[in-house]
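A short worksheet on the structure shown next.
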Protein chains: 2
Amino acid sequence: MPNPTAAILLIGDEILSGRTQDTNGNYLAKRLTEAGIELCEIRVVSDDNAVIIDAVNALRARYTHVFTSGGIGPTHDDITADAIAAAFSANIDVREDARAILATHYGDPADLNEMRLRMARIPDGATLIDNPVSKAPGFSLGNVHVMAGVPAVFKAMVASLLPTLTGGTPMLSVSVRIEKPEGQLAGVLAEIASDFPQASIGSYPFIHEGVFGSNLVARSTDPALLAVIEAKLLTLR
Amino acid sequence: MPNPTAAILLIGDEILSGRTQDTNGNYLAKRLTEAGIELCEIRVVSDDNAVIIDAVNALRARYTHVFTSGGIGPTHDDITADAIAAAFSANIDVREDARAILATHYGDPADLNEMRLRMARIPDGATLIDNPVSKAPGFSLGNVHVMAGVPAVFKAMVASLLPTLTGGTPMLSVSVRIEKPEGQLAGVLAEIASDFPQASIGSYPFIHEGVFGSNLVARSTDPALLAVIEAKLLTLR
């Protein structure tokens, strides 16, 4: 059976303006690779209701899972939960189970103000995602998993969610660093790639302190095959 | 006249596997904001010919500019130039102007091997993008600007390209850091946002050494308006 597939949808004007360097995408990418879930696409879109709806609907039709990050806090610009509900034509309102989590967290009912209650708005039919850091939950609706943008909270939600998903065969990799320019390696590398069509072999060039080099990376689910390829790649040093 | 719009298309399995944390997107996002070009979307896709063609065609139809990063080196997995040509149904072959740049750079004709010549494959009708770092050029075809993935080369190509594009009114921003949880600020912040619909006002929460706080950011092309909003936001401290 082929591995499940996934997309990550990062929601936030602050990434598109360049103010924030996203790290959630890279964090989740690593976790999905370990879990044998094939990440096929990452998209970053703005805090715009129609844009979010379009992106969610395009991605959820195409991949096994869609993971979103951002826009589920208490402020006026947190519109992700409502946009996801709209994408599914699902009703959304303050839900008692989510409200109870916030009520316990804030203790004093006066602290659970109208804006904070926005974080208990959960679409009908969704399952909550636990947030041990700041309590306000994420949720899964169908194959869409809606999580916070703050990295510490995002990571905690990924840790809550990922064990509940069916993974695949983990994609393994070996990496060989070679301090020669790609142009000197490319011919032999193409032969190796063509000899091992079962693996995916890539060359990732770098320039470090004036030295042109490349990290040669082979990916496969088969560790024995990777060991053979690694030995071949090492001969290029 | 509204500002020009843009998308960034990052091409590379190494980003999707989590092996590489992309930084080119954030770098270009900042430069576009300064240039008054509105970045609306970032996509990361894999090194797959059909996938690249689909993404390029979707994005170039939607935005004023598309900027790509990755996949234009000499190795077998560098397929971006051919995919872009295919997206435009343009012919592609080794082009004399690009070949001459490489020939000058490598000096000894033996060094300009068959694989390196791949970097002189340029679609018909494209304009070269200068690469002062490692010489192999990028190119612009229509509204699609094709650049390298290595950050130092990407930055150099952006520096070559960006002054040739028509910008818009730069989007300015002010940021006010407040060490209070978003939930305490959200009500007043919503009022401020509603009082200044001409600006875009966002709240970007953080958790730093156990303190919950938020950076409140207002964006507008009007510096006088931003000064007024900044004064309002400072009252929330």
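The values are calculated or read from the model by the stated rules, or taken from the named source; none is laboratory data. Fair warning: this is a prediction, and the values are worked out from it, not measured in the lab. Cβ: placed from backbone, ideal geometry, glycine included. Neighbour counts: every protein chain shown.
Quick rundown of the values:
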| item | result |
| --- | --- |
| Odd one out for B:His208, checked against (1) over 24 Å from the mean Cα position of the chain (by Cα); (2) modelled with pLDDT of 95 or more | (2) |
| Failed item in (1) among the acidic types (Asp, Glu); (2) surrounded by fewer than 18 Cβ atoms within 10 Å (Cβ to Cβ); (3) touching a Phe, Trp or Tyr at 6+ places or on another chain (Cβ under 8 Å), with B:Glu114 passing the rest | (3) |
| Test: residue in segment B:1-16 that is in a loop (DSSP other than H, G, I, E, B), surrounded by fewer than 19 Cβ atoms within 10 Å (Cβ to Cβ), among the polar types (S, T, N, Q) and facing another protein chain (nearest Cβ under 7 Å) | no |
| Single condition A:Pro181 does not satisfy, out of (1) modelled with pLDDT of 95 or more; (2) more than 18 Å from the chain's Cα centre (by Cα); (3) more than 19 Å from A:Asn26 (Cα to Cα) | (1) |
| Among the residues listed as A:Ser203, A:Ser160, the single one being away from chain B (no Cβ under 13 Å) and within 26 Å of the chain's Cα centre (by Cα) | A:Ser160 |
| Selection within segment B:125-178 - out of contact with any strand residue (DSSP E or B) (no Cβ under 6 Å at 6 or more places or on another chain), closer than 18 Å to B:Thr33 by Cβ and not β-branched (Val, Ile, Thr) | B:Lys155, B:Ala159, B:Leu162, B:Pro163, B:Leu165, B:Gly167, B:Gly168, B:Pro170, B:Leu172 |
| Residue within segment B:192-215 that is at negative phi, in a helix (DSSP H, G or I) and surrounded by fewer than 19 Cβ atoms within 10 Å (Cβ to Cβ) present | yes |
| Helices (runs of 4 or more DSSP H) contained in segment B:30-122 and holding at least 3 residues more than 11 Å from every other protein chain (Cβ to nearest Cβ) | B:49-62, B:80-87, B:96-106 |
| Output for segment B:220-237, where each listed residue is out of contact with any Leu (no Cβ under 7 Å at 6 or more places or on another chain) and without any contact (Cβ under 8 Å) to a residue 60 or more places away in the chain | B:Asp222, B:Ala224, B:Leu225, B:Ala227, B:Val228, B:Ile229, B:Glu230, B:Ala231, B:Lys232, B:Leu234, B:Thr235 |
| Unmet requirement for A:Arg177, which otherwise passes all of (1) surrounded by fewer than 17 Cβ atoms within 10 Å (Cβ to Cβ); (2) assigned to a helix (DSSP H, G or I); (3) basic (Lys, Arg) | (2) |
